[in-house]
Amino acid sequence: MIEDQQLIEDLKQKKLIVLDRIYLAYKEEFFLFARTFSVSEDDIADVYQETVISFYENITKGKLNQLTSSIKTYLFAIGKFKIYRQLKNNKLSFVDELIIHSDEELKIFEVEVSKKRQKVLKEALYNLGAKCKEVLELFYYEGLTLDEIQNFLNYSSKDVLKSQKSRCLKQLKELVTKRYE
Amino acid sequence: MNKEELIAQYFSGQISQESFLALKTLLEKDRAFKKDFYAQLEVQQIIAQEKNIPLKERLDQLDQKSAPKTKWYLYAAAATILIAIGSLFYNSQPDYQELYAKNFEAYPNVIAPIVRGNEAPNENKMSLAFRYYDNKGYAKAADIFKLLYNETDEDYAFFYYSVSLMGAGETTKAISTLEQHSWNEPQNYQTITHWYLGLGYLKLGNKEKAIFYLKKVAVSGKPLTKQAKEILRKLQ
């Protein structure tokens with residue numbers, strides 16, 4: 001645990017070599033664990049990478065500061081959530097339903113997005129104006145609060161920023177709809 | 001707390017257990033809210049996917065570096081094996097030594113050329129062993145393959161150890177070594193083991209045992225079948 005906490009501190013400083021170490025250290029055990037569910041080897045490999053990346057992001061974005069369990073326990077908790085998500089996903093027979101998976105302990109939501117829709121969304125994001133992209137990235141990816149973004153990007157008020165953010169989401173939505181027509 | 005604040009808390013990563021549960025309840029009850037929140041989660045995931053590409057590539061590379069060596073060479077081995085050692089002339093009194101000499105050929109080195117440059121931990125020892133092997137320094141090769149096998153428990157090391165013994169003329173030792181061994185992956189080594197055992201007994205003049213093993217090879221359907229049948233024809 002003491003060593004684990006040190007590793008967390010290293011990861012906060014984005015020492016990727018530490019992430020490599022963690023990735024390799026639990027890989028085999030994770031595969032053994034995941035094989036007990038009926039998930040294909042390829043899916044396990046993807047899930048494990050996603051798991052380690054989520055773990056890393058939670059640390060660098062300040063969601064995880066102090067460990068209450070070992071790294072392994074935490075990592076496997078994320079992995080388990082992603083495996084369950086994968087299993088449910090494999091069973092889906094209809095596409096139109098909005099699926100939001102959640103885990104109360106980890107406090108995360110994840111959605112199902114079809115490969116086709118992922119592609120359309122990526123293109124839409126690419127075609128979005130630079131200013132919009134910046135706001136969305138800071139809010140949704142970097143996890144900054146509206147106050148922080150307001151300061152960072154020098155908005156005159158929080159309300160101006162809020163309406164800018166809504167406009168950006170709307171634009172993105174329009175770009176997506178356009179692609180579907 | 002209003003919906004907007006809940007969402008803001010969630011995306012900042014600073015959400016309480018209570019608020020998280022409130023969000024979850026809202027999702028179940030409020031269809032319009034669910035649609036709106038879904039769209040935002042979707043945006044988050046797509047941005048994350050793009051941002052994580054370099055990290056994913058890093059992990060992919062890590063996977064490649066730590067991947068176990070592929071074992072396809074074992075299958076390739078069966079295919080590339082020595083063919084046509086020259087036709088044997090009919091001889092009413094088979095000369096075992098001659099049959100052995102005509103048919104024994106050290107198994108081709110199909111390991112080192114492939115693994116070379118992969119930085120396997122025992123690479124030095126392995127390439128040294130194969131260097132001796134390729135240059136017919138079988139006694140030396142046998143010693144090193146044996147060490148390598150003790151360290152790695154790899155089938156190939158044991159196999160080349162046995163063939164090196166045979167190449168070095170230690171036929172009896174080679175035979176007992178092969179007969180007592182159990183392979184990690186028997187399907188890859190069974191036929192070739194029978195082949196060398198057959199040849200070994202041929203050299204020792206033990207016709208009965210030689211036939212016993214060569215018959216197994218003859219019915220295996222593997223590339224050595226034809227050669228085994230040829231020898232059997234001479235023996236019977």
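The values are calculated or read from the model by the stated rules, or taken from the named source; none is laboratory data. Since the structure is predicted, the reported quantities are computational estimates derived from the model, not experimental observations. Using ideal geometry, Cβ is built from the backbone for each residue, glycine included, and neighbour counts are taken over all protein chains shown.
For B:S182, which of the numbered conditions (1) outside any helix (DSSP H, G or I); (2) touching a helix residue (DSSP H, G or I) at 6+ places or on another chain (Cβ under 9 Å); (3) not β-branched (V, I, T) fails to hold?
(2)
Show the residue pairs that are 6+ apart or on different chains and have beta-carbon atoms under 6 Å apart, the first residue being within the stretch A:10-22 and in contact (Cβ under 8 Å) with a residue 12 or more places away in the chain, the second being assigned to a helix (DSSP H, G or I).
These pairs meet every condition: A:L11/A:V18; A:L11/A:I59; A:K12/A:I59; A:L19/A:Y56.
Residue by residue through the stretch A:131-172, note down the ones that are over 17 Å from B:Q14 (Cβ atoms) and polar (S, T, N, Q).
Passing the criteria: A:N154, A:S156, A:S157, A:S163, A:Q164, A:S166, A:Q171.
Quick one: in the stretch A:23-54, of everything that is more than 12 Å from chain B (Cβ to nearest Cβ) and among the small types (G, A, S), which residue is surrounded by the fewest Cβ atoms within 10 Å (Cβ to Cβ)?
Going through the qualifying residues, I end up with A:S38.
Please go through (1) at pLDDT 90 or above; (2) more than 7 Å from chain B (Cβ to nearest Cβ) for A:E181 and return the number of the only condition it doesn't satisfy.
(1)
For the stretch A:61-72, indicate whether the set of residues that are buried (at least 19 other Cβ atoms within 10 Å of the Cβ), away from chain B (no Cβ under 14 Å) and of a type outside the set (G, A, S) is non-empty.
Yes, the stretch A:61-72 contains at least one residue that is buried (at least 19 other Cβ atoms within 10 Å of the Cβ), away from chain B (no Cβ under 14 Å) and of a type outside the set (G, A, S).
Looking at A:K61, A:K88, A:K107, which one is on the phi > 0 side of the Ramachandran plot and either charged (D, E, K, R) or outside the structural domain of A:V18 (by TED's automatic domain parsing) (or both)?
None of the other options fit; the residue is A:K107.
Take the stretch B:10-48 and flag every residue that is under 28 Å from A:V120 (Cβ atoms), at the interface with chain A (Cβ under 9 Å from one of its Cβ atoms) and not in a helix (DSSP H, G or I).
Across the stretch B:10-48, the qualifying residue is only B:G13.
Give the residues of the stretch A:137-166 that are not hydroxyl-bearing (S, T, Y) and not in a helix (DSSP H, G or I), sorted by residue number.
Passing the criteria: A:E142, A:G143, A:L144, A:L153, A:N154.
Just the residues that are of a type in the set (A, V, I, L, M) and either surrounded by fewer than 14 Cβ atoms within 10 Å (Cβ to Cβ) or farther than 22 Å from A:L138 by Cα (or both), please, taken from the stretch B:17-44. First the steps, then the outcome.
Here is the first cut: in the stretch B:17-44, the residues of a type in the set (A, V, I, L, M) are B:21-23, B:26-27, B:32, B:39, B:41, B:43.
Answer for the stretch B:17-44, where residues must be of a type in the set (A, V, I, L, M) and either surrounded by fewer than 14 Cβ atoms within 10 Å (Cβ to Cβ) or farther than 22 Å from A:L138 by Cα (or both): B:L21, B:A22, B:L26, B:L27, B:A32.
How about the stretch A:103-122: which of its residues are more than 10 Å from chain B (Cβ to nearest Cβ) and either among the β-branched types (V, I, T) or part of a helix (DSSP H, G or I) (or both)? It would help to see each step written out before you state the result.
So the first thing to find is which residues in the stretch A:103-122 are more than 10 Å from chain B (Cβ to nearest Cβ), and the list is A:114-116.
Answer for the stretch A:103-122, where residues must be more than 10 Å from chain B (Cβ to nearest Cβ) and either among the β-branched types (V, I, T) or part of a helix (DSSP H, G or I) (or both): A:K115, A:K116.
Anything in the stretch A:69-87 that is within 22 Å of A:E3 (Cα to Cα), in contact with a strand residue (DSSP E or B) (Cβ under 9 Å, 6 or more places away or on another chain) and not β-branched (V, I, T)? List them, or say none.
Passing the criteria: only A:A77.
What residue, of A:L106, A:L67, A:L128, is farther than 23 Å from A:D42 by Cβ and in contact with an Asp or Glu (Cβ under 8 Å, 6 or more places away or on another chain)?
Being farther than 23 Å from A:D42 by Cβ and in contact with an Asp or Glu (Cβ under 8 Å, 6 or more places away or on another chain) holds for just one of A:L106, A:L67, A:L128, which is A:L67.
Quickly run through the stretch A:95-118 and pick out the residues that are more than 19 Å from B:Q9 (Cα to Cα), in contact with a Lys or Arg (Cβ under 9 Å, 6 or more places away or on another chain) and of a type outside the set (A, V, I, L, M).
A:E112
Here are B:L224, B:L235: which of them is buried (at least 18 other Cβ atoms within 10 Å of the Cβ), in contact (Cβ under 8 Å) with a residue 60 or more places away in the chain and not hydroxyl-bearing (S, T, Y)?
B:L224
Of the residues B:A141, B:A129, B:A112, which single one is modelled with pLDDT under 80, surrounded by 17 or more Cβ atoms within 10 Å (Cβ to Cβ) and in contact with a Phe, Trp or Tyr (Cβ under 6 Å, 6 or more places away or on another chain)? Before you say what the answer is, go through the steps one by one.
Values: B:A141 fails: modelled with pLDDT under 80; B:A129 fails: modelled with pLDDT under 80.
On inspection, the qualifying residue turns out to be B:A112.
Pick from the stretch A:143-154 the residues that are of a type outside the set (A, V, I, L, M) and surrounded by fewer than 18 Cβ atoms within 10 Å (Cβ to Cβ): which of them is nearest to the other protein chains (Cβ to nearest Cβ)?
Filtering the stretch A:143-154 for residues that are of a type outside the set (A, V, I, L, M) and surrounded by fewer than 18 Cβ atoms within 10 Å (Cβ to Cβ), the one nearest to the other protein chains (Cβ to nearest Cβ) comes out as A:T145.
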